[in-house]
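Let me begin by presenting the structure, written as structure tokens, before commenting on it.
The values are calculated or read from the model by the stated rules, or taken from the named source; none is laboratory data. The structure displayed is predicted, hence computed values, not measured ones. Positions of Cβ are backbone-derived with ideal geometry, glycine not excepted, and every protein chain shown enters the neighbour counts.
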Amino acid sequence: MSDMLKPGPANGPPVILLHWLALRHLQLSSMSPALVARRVIRVIVPYVRGYGTTRFLSSETFRNGQPSAVALDTIAFMDALKIQKAILAGFDWGARTADIIAALWPERCKALVSVSGYLIGSQESGKDAVAAEG
């Protein structure tokens with residue numbers, strides 16, 4: 001995650017908008033003015049892997065576009081910006097990435113907005129039969 005748009009005050013509560021395939025970085029960026037109209041929140045729209053000017057710092061880094069890998073990138077991104085906790089919002093696979101962060105690092109997630117994402121389920125609990133009523 002190299003390039004990003006950061007409208008709003010630097011000391012405002014951070015909101016990280018995560019894009020993916022169907023909703024590009026620039027489309028999310030167009031939402032930023034409305035979100036910071038009152039100059040209260042800090043909106044951060046990073047490019048995720050494979051978009052914009054992103055690059056791997058090491059040639060040894062495994063190339064992977066799974067939402068779990070992007071979730072790790074997002075946590076590292078937050079660490080680099082010294083953001084302990086943020087509101088995470090995502091669309092499509094960006095939503096799944098935000099969901100993963102909320103599930104695995106709840107202490108890093110102040111709130112979650114997940115639009116058209118995917119459910120995170122337990123394959124093991126799905127094996128239990130449920131009696132039909134009626």
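Computed quantities for the displayed model
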{"read-out": "Complete set of residues in the stretch 81-118 that are modelled with pLDDT under 90, over 19 Å from Arg49 (Cβ atoms) and among the small types (Gly, Ala, Ser)", "value": "Ser114, Ser116"}
{"read-out": "Residue pairs meeting the criteria (Cβ under 8 Å; at least 6 apart or on separate chains; first on the phi < 0 side of the Ramachandran plot and surrounded by 12 or more Cβ atoms within 10 Å (Cβ to Cβ), in the stretch 57-85; second of a type in the set (Lys, Arg) and at pLDDT 85 or above)", "value": "Pro67/Arg96; Ile75/Arg108; Met78/Arg108; Lys85/Arg108; Lys85/Lys110"}
{"read-out": "Lys110 vs. criteria of a type in the set (D, E, K, R) and without any contact (Cβ under 8 Å) to a residue 24 or more places away in the chain", "value": "no"}
